[in-house]
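As structure tokens, the structure follows; a few thoughts come after it.
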Amino acid sequence: MNPYVLAILLSSLGLGTTLTFASSHWLLAWMGLEINTLAITPLMAQHHHPRAVEATTKYFLTQATAAAMILFASTTNAWATGEWSINDLSNPVASTMFVAALALKIGLAPVHFWMPEVLQGLDLLTGLILSTWQKLAPFALIVQTAQTIDPLLLTLLGATSTLVGGWGGLNQTQLRKVLAYSSIAHMGWMIIVIQYAPQLTLVALGTYIIMTSAAFLTLKMSLATKISTLATTWSKSPVLASTTALVLLSLGGLPPLTGFMPKWMILQELAKQDLPLIATTMALTALISLYFYLRLCYAMTLTVSPNTTNSTTPWRTQTTQASLPLALFVVSTLGLLPITPAILMLTA
């Protein structure tokens, strides 16, 4: 892609998200989301491959549907209340419609079906943008309106997403689909606690972005897109293979890695709110997710790859990728658990 066009598209992505962050008016927020969608569409279709074009079409249609629903919800709310302010979402019909639209935007269950299919058709760097940056603007709107939304609806969305995210990833052999289901499960963790402690949602979102970036960048470095390719990485780059395994375990939420911190704090908050049943359900769904991360680690570090693989096995990892972002994200993914007391103090 032409570097000038790429610069325009990336700055439009930044502009769209910033516009949604800064807006207190429904139409401005909607405009930011639309700029975001239109800026990432050419990035998704830049490889002229049928899978990429199909993924781009699916993504565009789901995002356009969600944007139309947001516009309809905000118009309904303005009609009922006479207010266009984001903080004044008092109409129950508009509020429910708005949550459904944002759930579709970020891929929460039960409206998650587009997410694995779209991510599977993209290359890893565009998939990284889709899994991290594209979640920020809708989350800003959810955080702003969380107190006006029906708590039962948020709890159902969160619990269903963690369950579907864990269950759906069990049977996958494609790494991008595994990461898509991992994303759905993490979104569920953030949504479940947003009505009780929005600051914990932001902590969970931050750690999710760090861990997912590390996962995508390590897979990009090892040129792996399916489990059978992952099984050959240890012979090419043992350090990268062990790093990838640790990053995946951090995504699963194992102590003493960073991924344990948000899960621990969210479960603690749910117990504090006198919701032991929901906390137990969330902990059990985390176990299901952990199983498929362990499966990837097992394939990568504890199995010898067969002599006749269907995939090409290069002798050494050849890449033009900058290693500094990868190093920063990996160190953050593996070592931020000791700062938990400081984060607890800031979010208290």
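What the table shows:
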{"quantity": "Segment 32-53, subset surrounded by fewer than 17 Cβ atoms within 10 Å (Cβ to Cβ) and part of a helix (DSSP H, G or I), residue farthest from the chain's Cα centre (by Cα)", "calculated": "P50"}
{"quantity": "Checking T20 against (1) open to solvent by less than 60 Å² (accessible area, probe 1.4 Å); (2) closer than 20 Å to L125 by Cβ; (3) not charged (D, E, K, R), the condition it does not meet", "calculated": "(2)"}
{"quantity": "Cβ-Cβ under 6 Å pairs, at least 6 apart or on other chains, segment 150-166 side closer than 20 Å to L287 by Cβ, far side open to solvent by less than 50 Å² (accessible area, probe 1.4 Å) and outside any helix (DSSP H, G or I)", "calculated": "T160/A109; S161/L108; S161/A109; V164/A109"}
{"quantity": "So S11, is it out of contact with any Pro (no Cβ under 7 Å at 6 or more places or on another chain) and more than 16 Å from P138 (Cα to Cα)", "calculated": "yes"}
{"quantity": "Any hit, segment 104-114, residues being surrounded by fewer than 18 Cβ atoms within 10 Å (Cβ to Cβ), part of a loop (DSSP other than H, G, I, E, B), modelled with pLDDT of 90 or more and under 15 Å from the mean Cα position of the chain (by Cα)", "calculated": "yes"}
{"quantity": "Tally of residues being among the small types (G, A, S), at pLDDT 90 or above and over 15 Å from L27 (Cβ atoms) across segment 81-103", "calculated": "3"}
{"quantity": "Some residue of segment 123-138 being in the same structural domain as A22 (by the TED database), open to solvent by 10 Å² or more (accessible area, probe 1.4 Å) and among the acidic types (D, E)", "calculated": "no"}
{"quantity": "Qualifying residue in segment 55-64 (condition: open to solvent by less than 30 Å² (accessible area, probe 1.4 Å), in a helix (DSSP H, G or I), out of contact with any Ser or Thr (no Cβ under 8 Å at 6 or more places or on another chain) and in contact (Cβ under 8 Å) with a residue 60 or more places away in the chain)", "calculated": "yes"}
{"quantity": "Flag for Q199 being open to solvent by 40 Å² or more (accessible area, probe 1.4 Å), outside the structural domain of S250 (by the TED database) and part of a helix (DSSP H, G or I)", "calculated": "no"}
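Quick grid of which residues meet (1) touching a Ser or Thr at 6+ places or on another chain (Cβ under 8 Å); (2) within 16 Å of H112 (Cβ to Cβ):
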| site | (1), (2) |
| --- | --- |
| T126 | no, no |
| Q147 | no, no |
| D150 | yes, no |
| V178 | no, yes |
| I191 | yes, yes |
| L202 | no, no |
| F216 | yes, no |
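The values are calculated or read from the model by the stated rules, or taken from the named source; none is laboratory data. Worth saying up front: this structure is predicted, and the values here are computed from it rather than measured. Cβ sites come from the backbone with ideal geometry, for glycine too, and all protein chains shown count toward neighbours. SASA here: full protein model, heavy atoms, side chains in, ligands and nucleic acids out. Shrake-Rupley method; radii C 1.70, N 1.55, O 1.52, S 1.80 Å.
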